Amino acid sequence: MGKPTGFLETKRELPADRDPVERLQDFDEIHLHLSDATLRDQGGRCMDCGVPFCHTGTTLPVNSPFASGCPINNLIPEWNDLVYRGLWREALDRLHKTNNFPEFTGRVCPAPCEGSCVLGINDPAVTIKNIEVSIIDKAWEEGWVVAQPPQRRTGKTVAVVGSGPAGMCAAMQLNRAGHQVTVYERSDRIGGLLMYGIPNMKLDKRYIQRRVDQMEAEGISFVTNTEIGKDIPAQTLIDNHDAVVLCIGALKPRDLPKPGRELKGIHQALDFLHANTKSLLDSNLADGNYISAKDKNVIVLGGGDTGTDCVGTSLRHGCKSLFQFDIIPEPPMERSPDNPWPEWPKVYKLDYGQEEAKALHGEDPRKYLLSTVNFLDDGNGNVRGLVTQEVEWVKSEGGPPFREVPGTEKEWPAELVLLSMGWLGPQDTIPEALGLERDQRSNVKAEAGKYMTSIPGVFAAGDVRRGMSLVVWAFKEGREAARECDRYLMGATSLP
């Protein structure tokens, strides 16, 4: 630890964001940057806490739905100290030991590491996420990130299906072990949800492309516009490769089967976000091949990061009004007794999309404890609004944890409704084609730490195995599945 008293002398500081109203005019990233001197001071706040909780991702007791710390075991205290001492290249080496793509997690991960920072018990946590992204951004600027092709090839071939965070990590690790890796992606660009599920203002796609270029230089092959199970039979993929790693995500969306659901203008959130980013990259939205919110009353149903992204995207289109409804209660301003440190704090926060809506319309667009009753028809098959009813949460023995409050129905205008209510598991094409064993939640069954499915030589990692989760969990599973795949192919492995 470089400065024993740093956490006492220096306050937490994050880089400023661009003005909320100004940034609504484009899809550029919203965050600005801190100086090296300020970052050094922030690194000096890491307090040599003896037993750091930040860098060990662990599942907490069964009565808790939360986890603690970083799932990929980032060496956080080490690279905080190195930044404090100005040893940026050494900090990069520590960062890359556990994280293939820190520029992604440093931008889009909600930072469970900060939620379990020991300093965070009493004071604002160390700015771990910002230091992480600053290390890798400086590394690219200085030319320290270069292709690392393997020195030898094993003669083994591996197919990785899906190019999201789990797939990219698995592919990079397996290639560096010397296997010939081909990544299959059904979309026209590599990146999965990183490319088309997260909008540009959170993750500029040039950061993904430069990693793809690096991976190609290292010898990885990418095949786009190819859906396994349709364009290529799944069994053919197994027959033509020594191993297969499935990283296809969990993209079966939860629907809302209420009266009027069939009306035009009601869309799943990911369809909305995917089309917008593709049109933006293809033509800067000039081709019109996206679902426009311009001049429409928009309602987003559901919260989370995806809901926030729908809010931010709709505002950039120039929507007329915007609300975001959630059935849960409004989070408290501080941790509740049943959400203690080192769990991720479930507290109220104004994310970037809500901040922009408040700056534009004067209030947080979120409304809590609302349930949708039905959608309203304009007479021509288009949605013109929806009806909600207030709910109250109650203790329940097996039934729903809430009940509707009679007499609280309210009609809301909406020409565009976006459903952001989570996912129900992986799409069925590949699992059904191969007859893979599934768990109770329909995820592909594969033991954590081993990742082998019910078919020898076929592995599953990321959301397809554990259900929809954070990007950092996908990184963990992609890396670990690569290790076990390498062990299967070679009898032993040196991969971490």
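For the chain, adding -39500 (n - 2.57) for each run of n ≥ 4 DSSP H residues and dividing by the number of residues yields -9500 deg cm²/dmol at 222 nm. With coordinates expressed along the principal axes, the C-alpha atoms belonging to the chain extend over 68, 62, 52 Å, beginning with the largest.
Estimate the FRET efficiency between L350 and D255 by the formula 1/(1 + (r/R0)^6), using the beta-carbon distance for r and 41 Å for R0, to the nearest 0.05. Step by step, r from the Cβ atoms, then E = 0.90.
With the cut-off at 1.5 for a/c, could you classify the stretch 336-386 from its C-alpha gyration tensor as rounded, prolate or oblate? It is oblate, given that a/c is not under 1.5 and a/b is not larger than b/c. In plain terms, the chain from S454 to R335 could stretch by 38.7 nm, reckoned as 0.36 nm per residue minus the Cα-Cα distance. In terms of its C-alpha gyration tensor, the stretch 378-428 comes out oblate, because a/c is 1.5 or above while a/b does not outweigh b/c. Remark: accessible surface ordering of W79, W88 (largest first) is W88, W79, probe radius 1.4 Å.
Over the Cα atoms of the stretch 327-483, the radius of gyration divided by the Kirkwood radius equals 1.06; this is the Rg/Rh ratio. Each Cα pair under 8 Å and six or more residues apart adds its sequence gap; the mean of these over the residue count of the stretch 113-269 is a relative contact order of 25 percent.
Once the chain from E29 to K230 is taken as fully extended at 0.36 nm per residue, the excess over their C-alpha distance is 68.8 nm. When the alpha carbon gyration tensor of the stretch 197-253 is reduced to an equivalent ellipsoid, its three semi-axes come out at 26, 18, 9 angstrom, largest first. Here the chain has 49 percent of its accessible surface on carbon and sulfur atoms, given a 1.4 Å probe and all protein chains in place. Taking amide H as placed 1.01 Å from N in the peptide plane, the amide H of G422 sits under 5 Å from that of R254, each at least 5 places away or on another chain. Restricting to Cα atoms and excluding each atom paired with itself, what does the Kirkwood estimate give for the stretch 204-341 in Å? This gives a value of 19.1 Å. Here's the list of aspartates and glutamates a cross-link from K450 could span, going by alpha-carbon distance under 13 Å and ignoring same-chain residues fewer than 8 apart: E477, E480, E484, D486. Figure note: R261, R85, R94, R40 ranked by solvent-accessible area, largest first, 1.4 Å probe, ligands and nucleic acids not counted: R85, R40, R94, R261. Using a cutoff of 8 angstrom between alpha carbon atoms and counting only pairs six or more residues apart, the relative contact order for the stretch 255-362 works out to 21 percent. Take H361: with every protein chain present and a 1.4 Å probe, its accessible area is about 80 Å².
Computed extension length for E409-R12: 138.5 nm, one decimal, from 0.36 nm per residue of separation with the Cα-Cα distance subtracted.
Among the protein heavy atoms, those of T236 account for about 50 Å² of accessible surface (1.4 Å probe, every chain in place). Classify the stretch 1-155 as rounded, prolate or oblate, taking a ≥ b ≥ c as the square roots of the eigenvalues of its Cα gyration tensor: rounded when a/c is under 1.5, otherwise prolate if a/b is larger than b/c and oblate if not. Rounded shape, in that the Cα axes give a/c under 1.5.
For I327, I121, the ranking by accessible surface with the largest value first comes to I121, I327, using a 1.4 Å probe. Averaging the sequence gap over all C-alpha pairs within less than 8 Å and six or more residues apart, then dividing by the number of residues, gives the chain a relative contact order of 16 percent.
Rounded to the nearest 20 debye, the dipole size of the chain about its Cα centre is 840 debye, using +1 on the Cβ of Lys and Arg and -1 on the Cβ of Asp and Glu. Isolated cysteines in the chain, defined as those with no second cysteine Cβ under 4.7 Å, comprise C46, C49, C109, C117, C169, C247, C310, C319, C485.
The values are calculated or read from the model by the stated rules, or taken from the named source; none is laboratory data. Here the structure is a predicted model, which means the values were calculated and not measured. Every residue, glycine among them, receives a Cβ derived from its backbone with ideal geometry; neighbour counts consider all protein chains shown. Quick note on the areas: whole protein, heavy atoms, side chains included, nothing else; ligands and nucleic acids left out. Shrake-Rupley method; radii C 1.70, N 1.55, O 1.52, S 1.80 Å.
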